[in-house]
Amino acid sequence: MPTAFKAPLHPRKTPIQARSAVTFDAILEASLQVLIAVGKERLTTTRVAARAGVSVGTLYQYFPNKSSLLQACLKRHMAGVSKAVEQACEQHKGEGLLEMSTALINAFMKAKMLDGRASAALYAVSSDVDGNAIAKAASTRAHRVVAGFFATAKERLNKDPDIVAAVVMAALYGVARRLLETKFPEPQADSLREELIVLVHSYLRTCAASSL
């Protein structure tokens, strides 16, 4: 006897058409605005729909609940950071280690702190929306890209590129975490970015077969 078809419990549109993509992005932007304005506990799908200028029914076609909204916002943020890192690695491959690392740090920090309050708000709710898994996937991808990046350096490395990438990315993530745990991260961002460059440059000088 054929198995009866079961409709999905949480119907969801895939934003393929341009109009759908605009609506999808508007909902995510509204979610971030509401999250910053009232916090996670007071964020509701009704508030988000009103801020986005869509009906609650339209919102539910994309997202079944507020957790799915926040997870989508976090994924979009992490994807933006990953894209910035990958573009910097592609544009600066084959340069000197110090130039490469400066470009990498600048790209990472710019993407991470593009909207400091939004980044901090997402960091604060990440544990509620499987943020560890999202961050781990992004970190694994970034590590692979950055290791390949440093392997192209003009100076010959005297250490495994995987190790170099692990140390550098750990420094980046550590500084980013420090900023995101601060209520108002923007005032500190530039100073910490400059200190991060000093730190990474000092480490990379020990990774080159010839002196830098």
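The values are calculated or read from the model by the stated rules, or taken from the named source; none is laboratory data. Values in this document were obtained by computation on a predicted structure and should not be read as measured data. Don't worry about glycine lacking a Cβ; one is built from the backbone with ideal geometry, like all the others, and counts go over all protein chains shown. Quick note on the areas: whole protein, heavy atoms, side chains included, nothing else; ligands and nucleic acids left out. Shrake-Rupley method; radii C 1.70, N 1.55, O 1.52, S 1.80 Å.
Within segment 171-212, restricting attention to residues that are of a type in the set (D, E) and either under 17 Å from E99 (Cβ atoms) or within 19 Å of the chain's Cα centre (by Cα) (or both), the residue that is most open to solvent (accessible area, probe 1.4 Å) is E181.
Filtered by the rule that a residue be among the small types (G, A, S) and closer than 24 Å to H143 by Cβ, segment 166-196 gives A166, A170, A171, G174, A176, A189. Only one entry in L212, L179 is part of a loop (DSSP other than H, G, I, E, B) and modelled with pLDDT under 95, namely L212. Just checking, does segment 21-37 include any residue being of a type in the set (S, T, N, Q), modelled with pLDDT under 95 and surrounded by fewer than 16 Cβ atoms within 10 Å (Cβ to Cβ)? Within segment 21-37, not a single residue is of a type in the set (S, T, N, Q), modelled with pLDDT under 95 and surrounded by fewer than 16 Cβ atoms within 10 Å (Cβ to Cβ). Taking each residue of segment 167-184 that is farther than 11 Å from I105 by Cα and looking for partners that are assigned to a loop (DSSP other than H, G, I, E, B) and not hydroxyl-bearing (S, T, Y) with beta-carbon atoms closer than 7 Å, six or more apart or interchain, yields L179/M113; L179/P185. The residue pairs whose first member lies in segment 119-147 and is β-branched (V, I, T), whose second member is open to solvent by 20 Å² or more (accessible area, probe 1.4 Å), and whose beta carbons are closer than 7 Å, counting only pairs six or more residues apart or on different chains, are V125/K40; V129/S67; V129/Q71; I134/K75; I134/M78; V145/E86. Note on segment 41-54: residues that are open to solvent by 60 Å² or more (accessible area, probe 1.4 Å) and in a loop (DSSP other than H, G, I, E, B) amount to 3.
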